[in-house]
Amino acid sequence: MGGSEGENCRSVFSTTSDCRKMAAQTKKQTRISPFDASSATEPTGGHSLRIPDEEVHFSGQLDPGQVELIKRLYHFYKSIIQNINAGLLALDFHGQIIFANRRAGSLLGIAPRELLQRKFQDFLTNKERNSQLAGWLRVPGKRIDNIEVHLRRADGKDIIAGLSISPLEDTRNHFSGVVLLIHDLTETYRLRHQVERMERLALLGELAAGIAHEIRNPMAGIKASAQILLESLPEDDYRRQLLTRIIREVDKSNGLLTEFFTFARPTRPKANFHNIELIIDSVYLLLAPRLRNRKIQFVEEFEEDLPQVYVDEHQIEQVILNLFLNAMDAMVEGGKLTVRTRKRELSLVEQKQAGVKLSGEKLGYVLVEVQDTGPGIPAHLIDKIFNPFFTTKPEGVGLGLSICTRLVEENRGKLDVVSKPGEGTTFIVALPTFSRAIPRGKP
Ligand SMILES: Nc1ncnc2c1ncn2[C@@H]1O[C@H](COP(=O)(O)OP(=O)(O)OP(=O)(O)O)[C@@H](O)[C@H]1O
Ligand SMILES: [Mg+2]
């Protein structure tokens, strides 16, 4: 048993007066290991202790069996104190730290043993030092439950902590200091802020969706009026161009609103089993004339015997279409667009990571790779391209990839990208081949 365990042990017993008495009976110096049978020679006054399933009574000299029991007790309490998910500190009258468990050390960014040379004050921010807290630590018998305080770690980083204070008593029940229980609330705070921000964004989204909806009606009126005017003008009237322009701009704005709606309120997928090859082919047929005009060669490399994917075919069609359009935009000088498919079954470990387990079906995916020979995406932009409204195109809206991500995830898949500047970009869509997965932990 090392020196630090000895110190911990001393402090462990100081929290339980019975244990403390027993420890004192088994050693002369509390700082050294108390569980040396040779030192267990002093008579005891007689104590009853309860540890799980065991009632023990001591009287007279401690025999080796009793020493063994004390050892077990020691490990029992030590294990509780070291393993609780909260920092535990004991301070004496002067605020000097006399015990620290492991978690207290990790919370305050310092080894527990080094904490024993410090005062708790050292870990308070300036604001806290001048607050009521400093006084409470010295008030005998004061109990405080879960107040929020700002602590400064040894590395200078501030954390928000929940702190409970209870009195520490000596063997004669005299006040001898305080016990502090510390919970790190920094992550809780971060999550709380994130939720608040998301709620605000959701509200903003709803407002925007409402306004967008209202804008559609007058636009329909503008378009209808322009069309009537257009039909009433003779073929060679120069004003026809102006009206055609109005109609085109209205259509463009409508398209934008449709994209916005898809983003703001994606419809729930109506999933079924489909052949991914057929979905890809239908998108290709739509774009074939444009691909030819742009001198883009189209190559399909489909793996044989692919399982069907369980997806909403219209949503996945939209995803593939968006990826094709992006690839075409990237290959202004022509190039090669390759679509590859292959199947992939998840290992047990991956299933665990994905948080799904299956009943009866295999947990597999079909991967669809859409590869172009465009200029690629610079490293500093790769994390940004999935953000809504991020675009590098003069006419772009920047919603294509965020809609794709949303749709793929709604279909329980995943969208990834690999890009080598100068060589090209590959988007990888993973689509499930299983109809349902039960999140782990649920029946
Ligand atoms: N295949 C690709 N090669 C190179 N860059 C790409 C590729 N696909 C996407 N990008 C980059 O990611 C950005 C975002 O793409 P996204 O599809 O979300 O929006 P967009 O194409 O700019 O506009 P739109 O809303 O009309 O689709 C693009 O502006 C482009 O910079
Ligand atoms: Mg796009």
Quiz item: Can you work out the FRET efficiency for the pair Ile160 and Asn387, with r the C-beta to C-beta distance and R0 = 30 Å, to the nearest 0.05?
Solution: 0.55
Practice problem: Distance check, please: which entries in Lys336/Lys414; Lys223/Lys252; Lys223/Lys393; Lys295/Lys384 exceed 20 angstrom between their Cα atoms? | Solution: Lys336/Lys414; Lys223/Lys393; Lys295/Lys384
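Which shape class applies to the range 241-311: rounded if a/c is under 1.5, otherwise prolate when a/b exceeds b/c and oblate if not, where a ≥ b ≥ c are the square roots of the Cα gyration tensor eigenvalues?
Values: a/c = 4.25, a/b = 1.46, b/c = 2.92.
In terms of gyration-tensor shape, oblate.
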Quiz item: Which cross-chain or sequence-distant (5 or more) residues have an amide H under 5 Å from the amide H of Ser176, H modelled 1.01 Å from N in plane?
Solution: Leu168, Glu169, Asp170
Exercise. Based on the mean of other Cβ atoms within 10 Å per residue, sort peptides 184-194, 227-237, 111-121 so the most packed one is first.
Key: 111-121, 184-194, 227-237
Practice problem: Would you calculate the separation in nanometres between label points at Lys119 and Phe76, each defined as 7 Å from the Cα along the Cα-to-beta-carbon direction? | Solution: 3.8
Exercise. Using R₀ = 41 Å, calculate the FRET efficiency as 1/(1 + (r/R₀)^6) where r is the Cβ-Cβ separation of Arg245 and Ala209; round to 0.05.
Key: 0.90
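Hey, can you rank 76-83, 272-279 by average C-beta count inside 10 Å, highest first?
Working: 76-83: 14.4, 272-279: 16.0.
My ranking of the peptides, most packed first, is 272-279, 76-83.
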Self-check item: Simple spin-label estimate for Leu233 and Lys270 in nanometres, 7 Å along Cα-Cβ
Solution: 4.1
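Quote the relative contact order of the range 189-264 in percent (integer), defining contacts as alpha-carbon pairs under 8 Å separated by 6+ residues. Before the final figure, lay out each step's value.
Values: 25 pairs, mean separation 28.3, N = 76.
Relative contact order, the range 189-264: 37 percent.
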Exercise. For the range 114-156, just list the percent of Cα-Cα distances falling in each 10 Å bin from zero outward, please.
Key: 25, 52, 22, 1
Quiz item: So, counting K/R as plus one and D/E as minus one, what does the shell of residues with Cβ under 14 Å around Thr338 add up to?
Solution: -3
Exercise. For a quick protection proxy, order the peptides 164-170, 203-209, 95-101 by their average other-Cβ count within 10 Å, most packed first.
Key: 95-101, 164-170, 203-209
Quiz item: Taking K and R as +1 and D and E as -1, what net charge do the other residues with C-beta under 10 Å from the C-beta of Thr373 add up to?
Solution: -2
Quiz prompt | Proximal aspartates and glutamates relative to Lys270, as straight alpha-carbon distance under 19 Å, when same-chain residues fewer than 8 apart are discounted | solution = Asp312, Glu313, Glu317, Glu409, Glu410
Quiz item: HN-Hα J couplings of the range 398-404 from phi, Karplus 6.51/-1.76/1.60, θ = phi - 60°, integer Hz, Gly and Pro as x?
Solution: x, 9, x, 6, 5, 5, 4
Quiz item: So, in nm, how far is label Val299 from label Glu333 when the simple model puts each one 7 Å beyond its Cα toward the Cβ?
Solution: 1.9
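Give, as a single signed number, the net charge of other residues whose beta carbon lies under 13 Å from the beta carbon of Asn411, with Lys and Arg counted +1 and Asp and Glu -1.
Numbers: positive: Arg268, Lys270, Arg406, Arg412, Lys414, Arg436; negative: Asp312, Glu313, Glu317, Glu409, Glu410.
Counting the neighbours of Asn411, the net charge comes to +1.
Every number in this text was worked out from the coordinates using simple rules, so none of it is lab data. Given the structure is predicted, the values throughout are model-derived calculations rather than measurements. With ideal geometry, Cβ positions are generated from the backbone for all residues, glycine too; neighbour counts draw on all protein chains shown.
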